[in-house]
Every structure is written in structure tokens, then in C-alpha cells.
Amino acid sequence: MLASRVFSLVGKRAISTSICLRAHGHAGVVKAEDFSLPAYVDRRDVPLPEVAFVRDLSAQQKALKEKEKASWTALSVDEKVELYRIKFNESYAEMNRGSNEWKTVLGGVLFFLGLTGLILIWQKHYMYGPIPHTFSDEWLSMQTKRMLDMRINPVEGITSQWDFEKNEWKK
């Protein structure tokens, strides 16, 4: 029992490890991301992320970072924007910019509402039978008259609302 449990756990571990290390038929090893390190996220409520957007700087970006240490008046506007883009992916204006995702969501909701309506119409037409005769106004009036004649629930019910002397509903 214990041996079979150990072999099943070892087998699962070997399969999951081999899947993580192979890249869909390629012989190369896939590097898994280390989730114990801080990650970059663009969020309005956290204005300063823990790490920069660009982690591996190119030679041009390294030279720009060295130039940044000097006076900022010597930097052009494009260089300042490039420095900003090294640290951040989006500005607040870009984060606050509306997206067209609401159109997709609304379209999906309306599609499924329409589909549900078609299913209900189909069910009413093909699954349900005709409305029973007991729902007609004549039947309901006969049923009410019978309940009044039998004096059903005379204290608080329907009979308490009927005036038997005048043969009409109490006001």
C-alpha cells in the first residue's frame, strides 16, 4: 500500500517535471518564471511598482540610464519619455483610457438573453400543452361562488369579505 502510494507520487512528480522542462516537442528547456520575486503590474492604486517594467536593459538604455545621473536639463523630451518607458509600461492617462470591452460584454449578454428567449418560445410552442380550462374567468367566478356558498374561512378569509345580505363584496 505504502509502496504503491510512493510510486504514484514519484510518477506524478516525474511527469509534471518533464512537462515543465520540455517546450512542446522542442528539446530545449523552458525557464519557469520565479513567482517569489516581485512582479511588475500597472495599477492606478499602486503608483510605484516594486520593479521596473524593463528588467534587461539594452546597451542604448544603459547609456541613457548613465546620462540620467547627470542634470535632467541636458535630457531631451524623447529621452525623458524613454526613461519613463523603462520604468513604467503605461502612464495614468493610458491606464484611465476607456476600452471597448464593454461592447463585447454587452453583446454577449444580449446574445444569451436572445438565445434564452428563443428557448422559452420553443418550449411554450412544442413542450407545454394548452392552458387548463380552470384558468378561465368563468371557472374562477364559479369557484369563488362555490367557496362563498360553502362559507370557507368566515373569520379572516374570502367569506369574511362578502356581505351575504346584500349579495356583494363589503366596502
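The values are calculated or read from the model by the stated rules, or taken from the named source; none is laboratory data. Here the structure is a predicted model, which means the values were calculated and not measured. Neighbour counts run over all protein chains shown; Cβ positions are idealised from the backbone, glycine included. Note: areas computed on protein heavy atoms with side chains; ligands, DNA, RNA excluded. Shrake-Rupley method; radii C 1.70, N 1.55, O 1.52, S 1.80 Å.
The condition of being out of contact with any Cys (no Cβ under 6 Å at 6 or more places or on another chain), open to solvent by less than 90 Å² (accessible area, probe 1.4 Å) and among the hydrophobic types (A, V, I, L, M, F, W, C) does not hold for V77.
Looking only at region 85-125, count how many residues are farther than 30 Å from K65 by Cα and assigned to a loop (DSSP other than H, G, I, E, B).
First, the residues of region 85-125 that are farther than 30 Å from K65 by Cα: 98-125.
With the extra rule that they be assigned to a loop (DSSP other than H, G, I, E, B), the set shrinks to 98-100.
Looking only at that region, the number is 3.
Please verify whether E50 is under 43 Å from the mean Cα position of the chain (by Cα) and open to solvent by less than 80 Å² (accessible area, probe 1.4 Å), treating the condition exactly as stated. So E50 does not fit the description; no. The condition (being within 30 Å of G157 (Cβ to Cβ) and more than 28 Å from the chain's Cα centre (by Cα)) is satisfied by just one residue among T134, T73: T134.
So, in region 126-142, exactly how many residues are outside any helix (DSSP H, G or I) and either hydroxyl-bearing (S, T, Y) or surrounded by 10 or more Cβ atoms within 10 Å (Cβ to Cβ) (or both)? Can you show your working first?
To start, the set of residues in region 126-142 that are outside any helix (DSSP H, G or I) comprises 127-132, 136.
Then drop every residue that is not either hydroxyl-bearing (S, T, Y) or surrounded by 10 or more Cβ atoms within 10 Å (Cβ to Cβ) (or both), which leaves 128, 136.
Residues that pass the stated criteria total 2.
Would you be able to say whether some residue in region 105-117 is over 25 Å from the mean Cα position of the chain (by Cα) and more than 30 Å from A39 (Cα to Cα)? No, every residue in region 105-117 fails to be over 25 Å from the mean Cα position of the chain (by Cα) and more than 30 Å from A39 (Cα to Cα).
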